[in-house]
Amino acid sequence: MRVEKFVPDENFRRVDSYLSSMLVDVTRSAIKKIADEGGVEINGKKVRASEEVRAGDEVTITIPDPVAAEAKPENIPIDIIYEDDDFAVINKPQGMVVHAGAGNTEGTLVNALLYNLDSLSGINGVIRPGIVHRIDKDTSGLLIVAKNDKAHIELSRQISEKSCKRTYLALLDGNLKEESGKVETYIGRSDGDRKKMAVVPEGKGRYAETDWEVVERFGDYTLCRFSLRTGRTHQIRVHAKYLGHPVVGDRVYGQKNCRFNLDGQLLHAYRLEFTHPSTGERMSFEVPLPEYFENVLCVLRARNVNS
């Protein structure tokens, strides 16, 4: 189980509504069930989901461990960039879910890892073994997988303390005015669609920070490099939309129809830099853009030459 504590800076009519805005990985219905079972407290007192929250209250929720079938190994080929006794670095393809969830119990990266690697850390239990951090289903690129608990703890610490550098390339709609910048917002669940994330007021979400810079311009599209300072759900995609230039191919936060007939957003985690959890050596890994991404850039470059 895990325990989360929050102190709101404004009043809320219902505690389940407040907690759902703070917990991006727990649905409001799940929070209501936890409250019904005595797992939500305000100032040390167990409360129902409908209890009112006031500014300055200490709100505590005890989230039980998920109950689910153990992930099973599947013979799915994966691109292992590097592997030793402590961790592996994987180049995840677009379209692959990282771990099991609602509607995705097979064909995930975890299923593939259980088949292809000789060990995985157990900190995240049987559902997410080895998973130190995630990238979205339709985002491609690099992620670290821990092979033992000691390495998992150290790698997680580096991500938390921002010494693990994660860099992405994304093609954005439109022409950004500046050459570089920083986006600092709070990200929480969207009021209009609980499956989506959005920039929200302070107190209704978690702090999110992203650095960006222009790599190449194509008139009505811009190739940008993004560096994560925090790791919120859909962070780059939400921040790109906040800039007014959503990621090309992102049907959730961008345009529903895309001229390039893509299967997902043009967002690629191309570089990782972190310290080896055992040796202390600084490690860096980089992978090229996938072919479908490069093909779009080639089309845009050819158009620029011919215009």
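The values are calculated or read from the model by the stated rules, or taken from the named source; none is laboratory data. From a predicted model like this one, the values you see are computed outputs, not experimental measurements. Cβ: placed from backbone, ideal geometry, glycine included. Neighbour counts: every protein chain shown. Each accessible area value is taken on the protein alone, full model and side chains, heavy atoms only, with ligands, DNA and RNA left out. Shrake-Rupley method; radii C 1.70, N 1.55, O 1.52, S 1.80 Å.
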inquiry  = Can you find a residue that is among the hydroxyl-bearing types (Ser, Thr, Tyr) and outside any helix (DSSP H, G or I) anywhere in segment 234-252?
reply    = no
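One line per residue, one yes/no per condition, for (1) touching a Gly at 6+ places or on another chain (Cβ under 7 Å); (2) of a type in the set (Gly, Ala, Ser):
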residue	(1), (2)
SER180	no, yes
TYR186	yes, no
GLY192	no, yes
GLY231	no, yes
ALA269	yes, yes
Filter pass, ARG217 being under 16 Å from the mean Cα position of the chain (by Cα) and open to solvent by 30 Å² or more (accessible area, probe 1.4 Å) = no
query = Which of the following residues is more than 26 Å from GLU286 (Cβ to Cβ), open to solvent by 30 Å² or more (accessible area, probe 1.4 Å) and of a type outside the set (A, V, I, L, M, F, W, C): GLY95, GLY122?
reply = GLY122
message = Among the residues in segment 45-62, are any surrounded by fewer than 19 Cβ atoms within 10 Å (Cβ to Cβ), part of a strand (DSSP E or B) and of a type in the set (A, V, I, L, M, F, W, C)?
response = no
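Going through segment 185-211 one residue at a time, which ones are open to solvent by 20 Å² or more (accessible area, probe 1.4 Å), assigned to a strand (DSSP E or B) and without any contact (Cβ under 8 Å) to a residue 60 or more places away in the chain? Can you show your working first?
Here is the first cut: in segment 185-211, the residues open to solvent by 20 Å² or more (accessible area, probe 1.4 Å) are 186, 189-196, 198-202, 204, 206-207, 209, 211.
Adding the requirement that they be assigned to a strand (DSSP E or B) leaves 186, 189, 198-200, 206-207, 209, 211.
Within segment 185-211, TYR186, ALA198, VAL199, TYR207, GLU209, ASP211 meet the criteria.
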key: Qualifying residues in segment 270-307 (those that are within 21 Å of ASP136 (Cα to Cα) and part of a strand (DSSP E or B)) - the one most open to solvent (accessible area, probe 1.4 Å)   = GLU286
inquiry  = For the list (1) open to solvent by 30 Å² or more (accessible area, probe 1.4 Å); (2) within 30 Å of ALA198 (Cβ to Cβ), I need the number of the one condition that PRO246 fails.
reply    = (1)
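If I go through segment 32-44 residue by residue, how many of them are assigned to a loop (DSSP other than H, G, I, E, B) and either polar (S, T, N, Q) or within 29 Å of the chain's Cα centre (by Cα) (or both)? Break it down stepwise before answering.
Just the residues of segment 32-44 that are assigned to a loop (DSSP other than H, G, I, E, B), to begin with: 37-39, 43-44.
Subset that is either polar (S, T, N, Q) or within 29 Å of the chain's Cα centre (by Cα) (or both): 39, 43.
Matching residues across segment 32-44 total 2.
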request  = Out of the residues in segment 9-30 that are open to solvent by less than 80 Å² (accessible area, probe 1.4 Å) and touching a Lys or Arg at 6+ places or on another chain (Cβ under 6 Å), state the one that is farthest from PRO64 (Cα to Cα).
outcome  = SER21
Every residue from segment 165-184 that is surrounded by fewer than 21 Cβ atoms within 10 Å (Cβ to Cβ) and under 20 Å from THR233 (Cβ atoms) = LYS165, THR167, LYS182, VAL183, GLU184
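Restricting attention to segment 2-22, report how many residues are assigned to a loop (DSSP other than H, G, I, E, B), within 13 Å of VAL200 (Cβ to Cβ) and within 25 Å of the chain's Cα centre (by Cα). Walk me through it before giving the result.
From segment 2-22, those assigned to a loop (DSSP other than H, G, I, E, B) are 7-11, 13-14; that's our starting set.
After this cut, where a residue has to be within 13 Å of VAL200 (Cβ to Cβ) as well, the list is 8-10.
Add one more test, that the residue is within 25 Å of the chain's Cα centre (by Cα), and what stays is 8.
Residues that pass the stated criteria total 1.
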